Amino acid sequence: MGLRSRLLLLACAGGGRVGGDPPAMSPNVRIDPSSLSFDMWKQIPVPFYLSVYFFHVLNPNEVLQGGKPQVQERGPYVYREFRHKSNITFNDNDTVSFLEYRSFQFQPHKSRGLESDYIVIPNILVMSAAMMMEDRPMSLKLMMTLAFTTLGERAFMNRTVGEIMWGYEDPLMNLINKYFPNMFPFKGKFGLFAELNNSNSGLFTVFTGVKDFSRIHLVDKWNGLSKVSFWHSDQCNMINGTAGQMWAPFMSPESSLEFYSPEACRSMKLVYKEAALFEGIPTYRFVAPSTLFANGSVYPPNEGFCPCRESGIQNVSTCRFSAPLFLSHPHFYNADPVLAEAVAGLHPNPEEHALFLDIHPVTGIPMNCSVKLQLSLYMKAVRGIGQTGSIQPVVLPLLWFGESGAMEGKTLQSFYSQLVLLPKVLHYAQYVLLALGCVLLLVPIVYQIRSQEKCYLFWSGSKKGSKDKEATQAYSETLMTSAPKGTVLHEARL
């Protein structure tokens with residue numbers, strides 16, 4: 001069955017209305033091979049793109065001497081993201097397990113630059129290792145300084161976009177893997193996105209909605225876990241919401257979007273902002289609340305993500321090989337202003353740096369989405385490690401990326417035709433049919449009335465004709481009756 005046919009049946013089942021009748025449509029949206037939407041769940045008909053922006057450090061030498069970092073945003077470097085689910089296994093407890101593989105393909109025509117462009121950014125391996133050694137004995141620090149010098153490692157590196165993204169050979173990485181084989185998840189090359197390309201994001205087990213429609217798409221387990229252990233509270237370790245691709249249908253403004261992100265090692269919750277239109281299709285826009293990356297002092301439920309620094313950035317070192325990495329909105333949007341003020345060249349604004357998801361509320365399918373996150377490195381001078389110089393404590397942005405997708409082309413046309421245009425036609429058609437039915441009902445009534453009127457006029461005319469005939473006949477008989485002689489002569493004279 002083609003996409004057009006599936007959308008047509010979904011439209012007829014759901015009526016194209018927000019808040020449609022769930023029992024009528026639930027068999028069509030559940031995760032089941034017989035469901036009309038199963039192929040859409042298996043491979044979402046929305047093309048996804050990964051846009052990466054790097055923060056090129058303009059004054060690395062001044063930073064080493066204690067100066068304020070100055071960065072220049074480079075990009076976007078755009079990649080087409082291909083996704084497909086495999087190892088789909090239906091379980092007995094109303095769940096289905098699957099692996100979703102992703103691969104990325106560079107798109108030069110959509111990018112502002114090439115993968116061969118050179119970018120100056122902090123050396124993550126060196127600065128991370130230095131921070132890990134901060135409280136170690138001075139002798140170990142001096143040994144590390146010597147090792148860095150021997151290997152030619154520095155606090156900043158000048159690498160190509162392709163190397164930073166997908167990996168590069170580093171003698172320090174080889175040394176670490178040799179003596180500390182389980183310290184990093186990387187084997188061989190080190191790259192910020194190396195572990196994402198041609199790989200999966202873990203084994204998801206989600207509810208199908210066959211037996212309990214209210215739990216459709218919700219994550220039951222991830223990698224066999226019902227909760228993670230990265231954080232310091234049960235609430236922060238909970239795996240909530242969906243896998244981040246589809247949500248339960250029949251949304252309302254009171255709904256929220258929750259999903260578990262393996263990359264962020266946590267669940268995230270987006271809130272309803274407004275009803276909108278995407279290419280004529282009604283959507284609900286969901287955005288990140290200001291508390292998403294707030295620290296524990298501003299938003300107590302986030303205390304479990306600490307140790308925290310300024311509000312608006314989240315410490316992800318516990319799930320990123322203990323490296324002092326922080327997650328936030330791009331340019332420290334919605335964060336403590338002191339963070340953006342500490343780095344020259346940052347200009348946070350909601351139009352460019354806020355994330356959002358536009359969801360079709362009847363089906364729960366994302367129509368237009370843009371999830372934007374920034375990765376930063378906390379760095380400072382570590383006494384005893386010469387490569388760190390006199391760097392002042394700073395959370396320095398490395399890059400930010402936007403993962404976006406929008407329904408387009410024939411898929412969008414089919415979606416609009418079957419889930420927007422057709423329901424409108426059906427909606428007005430019912431009134432046309434009602435009016436036509438009324439007309440057809442009135443026709444025999446009018447005919448009956450007209451028939452009765454004709455009968456009445458006929459009988460009335462017949463009676464009147466009889467009376468006139470009788471009167472004429474009586475008058476004729478009177479004239480024919482003989483009159484006295486004087487009467488006739490008198491009348492003639494007159």
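May I ask you to rank Lys42, Lys141 by accessible area, largest first, using a 1.4 Å probe over the protein chains only?
On the way: Lys42 90, Lys141 20 Å².
Largest to smallest exposure gives the sequence Lys42, Lys141.
Where a ≥ b ≥ c are the square roots of the eigenvalues of the C-alpha gyration tensor, would you call the stretch 33-139 rounded, which needs a/c under 1.5, or, failing that, prolate if a/b is larger than b/c, or oblate?
Oblate, since a/c reaches 1.5 and b/c is not below a/b.
Of Ile31, Ile449, which has the most accessible area with a 1.4 Å probe, and how do the rest follow in descending order?
I get Ile449, Ile31, largest accessible area first.
With every protein chain left in place and a probe of 1.4 Å, what is the accessible surface of His232, to the nearest 10 Å²?
120
What is the spin-label model distance, in nm, from Asn93 to Thr160 if the labels are put 7 Å beyond Cα along the C-beta direction?
4.8
How much length is gained if the chain between Glu274 and Tyr299 is pulled fully straight, taking 0.36 nm per residue apart and subtracting their Cα-Cα distance, in nm to one decimal?
Computed gain between Glu274 and Tyr299 is 6.6 nm.
Which net charge results when you count Lys and Arg as +1 and Asp and Glu as -1 among the other residues whose beta-carbon is under 11 Å from that of Asn91?
Local net charge: -2.
At 0.36 nm per residue, and after removing the present C-alpha to C-alpha distance, how many nm does the segment from Ala435 to Ser229 gain when stretched out fully?
Between Ala435 and Ser229, full extension yields 67.8 nm more.
What does the accessible area per residue of the stretch 114-231 come to in Å², with a 1.4 Å probe and no ligands, DNA or RNA counted?
50
Per residue of the stretch 201-207, what does 6.51 cos²θ - 1.76 cosθ + 1.60 with θ = phi - 60° give for ³J(HN,Hα)? Whole Hz please, x for Gly and Pro, Karplus curve as stated.
Once θ is set to phi - 60°, the couplings for the stretch 201-207 become 9, x, 7, 9, 10, 10, 7 Hz.
With a cut-off of 8 Å between alpha carbons and a minimum separation of six or more residues, what is the relative contact order of the stretch 33-191 in percent?
17
Taking the solvent-accessible surface of protein heavy atoms with a 1.4 Å probe, what is the per residue accessible area of the stretch 347-408 in Å²? Walk me through the numbers on the way to the answer.
Details: 1830 Å² over 62 residues.
Heavy-atom accessible area per residue stands at 30 Å².
When the accessible area of the stretch 153-258 is computed with all protein chains present and a 1.4 Å probe, what percentage of it is carbon and sulfur?
Answer for the stretch 153-258 is 50 percent, counting heavy atoms of protein chains only.
Got a sec? Charge dipole of the stretch 268-373, +1 on Cβ for Lys and Arg, -1 for Asp and Glu; which of Ala342, Tyr284, Gly296 is way out at the positive end?
With unit charges placed on the Cβ atoms, the residue in question is Gly296.
On a full-extension model of 0.36 nm per residue, what is the gain between Gln65 and Ala344, subtracting their alpha-carbon distance, rounded to one decimal in nm? Present the calculation step by step, with values, prior to reporting the outcome.
Values: separation 279, 0.36 × 279 = 100.44 nm, distance 1.61 nm.
Extra length available between Gln65 and Ala344 comes to 98.8 nm.
The values are calculated or read from the model by the stated rules, or taken from the named source; none is laboratory data. Computed from a predicted model, the values in this text were never measured in an experiment. Note that each Cβ is placed from the backbone with ideal geometry, even for glycine, and that neighbours are counted across all protein chains shown. For the accessible areas, the whole protein counts, side chains as well, though only heavy atoms, and no ligand, DNA or RNA atoms are used. Shrake-Rupley method; radii C 1.70, N 1.55, O 1.52, S 1.80 Å.
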